[in-house]
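Data block below; observations after.
The values are calculated or read from the model by the stated rules, or taken from the named source; none is laboratory data. Just so you know, these numbers come straight off a predicted model, no measurement behind them. Here Cβ is always computed from backbone atoms with ideal geometry, including for glycine, and neighbour counts include all displayed protein chains. Keep in mind that these areas ignore ligands, DNA and RNA; they rest on the heavy atoms of the full protein, side chains included. Shrake-Rupley method; radii C 1.70, N 1.55, O 1.52, S 1.80 Å.
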Amino acid sequence: MTYIAKPKFQHPGIKKNTLGYSHRDYEGKISTLCAGCGHDSITASIIEACFELSIEPHRVAKISGIGCSSKTPDYFLGNSHGFNTVHGRMPSVLTGANLANRELIYLGVSGDGDSASIGFGQFAHAIRRGVNMAYIVENNGVYGLTKGQFSATADRGSKSKKGVTNTDNAIDLVGIALQLGATYVARSFSGDKKQLVPIIAGAIQHKGAAFIDVVSPCIAFNNHAGSTKSFDYVREHNDAVNRLDVLTGRDPIEIDQDPGTVQIVEQHDGSRLALRKIDADYDPHDRLGAMTFLQKHAAQGQIVTGLLYVDPEADDLHSHLNTVERPLNRLEAADLCPGQAALDKINASLR
C-alpha cells in the first residue's frame, strides 16, 4: 500500500551511478496495482533507465491522465515533479508545461483508454507538434479500472475474459505516431526488460516527440486464451526487428556482434544509439517503410517490437516556434515588453 514507508536503510555496497544515487533514489511509493501487473514492470524499466542515465530526479516532470497506467508515476521518481491530469488531457498539460520550462525532462505516461479513446485528439496534436517528450503508453487493450471492457487498441476478433468477441477494428498508436510525424517511435513488451530499458533511455535523450507503445498484459482481465495482449500471445507472436544500446557521450562503443549488423545513430546531444539488427531488411530511418512493415506483419498476427523509426536530426516545438533558450516562466515583464517603438512598428504594419 502507498501509505507503507519503504525502509531507509541501504546496504553500504549497493550499486550507485555517476551521481552517487542508487536505484532507491529513483523509486516512488509502493504499487497498489495487482500483483504481476505488466505496468509495474514498465515502472521498473523507467527506474532502471533513469538510473543508468544518471538523471537528477528533480529535473524530471512526469505527467499522466487517468487509469491504471496513469497511477504508475506515483511509483517511480518520488523526488521529481508530477501532475495527474483529468482523463485524456495529459498531452495538452505536458505541452503547456514544456513551453513554460524547456529545461525539464518530460515523461508522459498514459494508457490505451487514456490516449486512444477520450484523449485521442490530444495525443495526435502533441505528436504532430513535435513536443520534446518521452510519451509512454502502457497498452493492455482493456479498461482495467472498470472491469475489463475492450479499449480502442483491442484487436478485432480478440475475446474478453467473459468470452465476448471484439467486432471493432483496433487503433494502432504506433502507426498513427508514424503518420503524424513522431521522430522516435518504438514498441516493446513489459516482459522484455532487456529491450525496454534502452528504448526508454533513448526516448529520454531524443530531442523531439518520442513515442513508445508498451504491450502490458492486464493479468486480471486480459491475460487469457483468446486475448492478443496476454503474456503467452505476445511471447509467441513477438517479432523484434532490432536490439538497442544507448551510449552516452563518454562511453566507449562496445558491441558484441559483427560490425556489419550494427548501426550507430548519433543524436543532437551527442548520445549514440547502437542498433543491433535482427531483421536484415529493416531500415529504422525509413518512415514509410516502417509503416508498411507494421501493416504487413499485423496482417500475419505478428507484434513488431524494437526501435521502429528514429530521426537523429529531429527538431522540437521550441525550434518550430523559435523560442528563446531561457525558460519562458523565468522571463520578467521587461523581457516580455519589446518597447514602444517596436509596438508602433507592429501597429503601423497592420494599418
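The trypsin sites (Lys or Arg not before Pro) of the range 1-91 that meet both conditions, a loop assignment by DSSP and at most 11 other Cβ atoms within 10 Å of the site Cβ, are 8, 15. For the range 145-239, the Cβ-based charge dipole about the Cα centre amounts to some 280 debye (Lys, Arg positive; Asp, Glu negative; other atoms uncharged). When the chain is described by a simple charge dipole with +1 on each Lys and Arg Cβ and -1 on each Asp and Glu Cβ, the residue from 309, 291, 173 located farthest towards its positive end is 173.
Projected label points at residue 334 and residue 146, each 7 Å from Cα along the beta carbon direction, are separated by 5.4 nanometres. Its DSSP H runs of at least 4 residues, each contributing -39,500 (n - 2.57), put the calculated 222 nm mean residue ellipticity of the chain at -8000 deg cm²/dmol, to the nearest 500.
Per-residue extension of 0.36 nm, minus the Cα-Cα distance of residue 167 and residue 347, leaves a gain of 59.0 nm for this segment. With the simple model of a label 7 Å out from the Cα in the direction of the Cβ, residue 18 to residue 30 spans 3.5 nm. 3J(HN,Hα) along the range 212-218: 10, 9, 10, 5, 10, x, 8 Hz, from the Karplus curve 6.51 cos²θ - 1.76 cosθ + 1.60 with θ = phi - 60°, whole Hz, x for Gly and Pro.
Around the Cα centre of the chain, unit charges on the Cβ atoms of Lys, Arg, Asp and Glu (plus for the first two, minus for the last two) sum to a dipole of about 1040 debye. Legend: calculated FRET efficiency, residue 280 to residue 120, from the Cβ-Cβ distance at R0 = 41 Å, rounded to 0.05, equals 0.70.
For the pair the range 1-77 and the range 172-246, the centres of their Cα atoms are 19 angstrom apart. Rounded to the nearest 20 debye, the dipole magnitude of the range 1-143 is 260 debye, with +1 charges on Lys and Arg beta carbons, -1 on Asp and Glu beta carbons, and the Cα centre as origin. Taking every protein chain into account, the 1.4 Å probe leaves residue 346 with about 90 Å² of accessible area, to the nearest ten.
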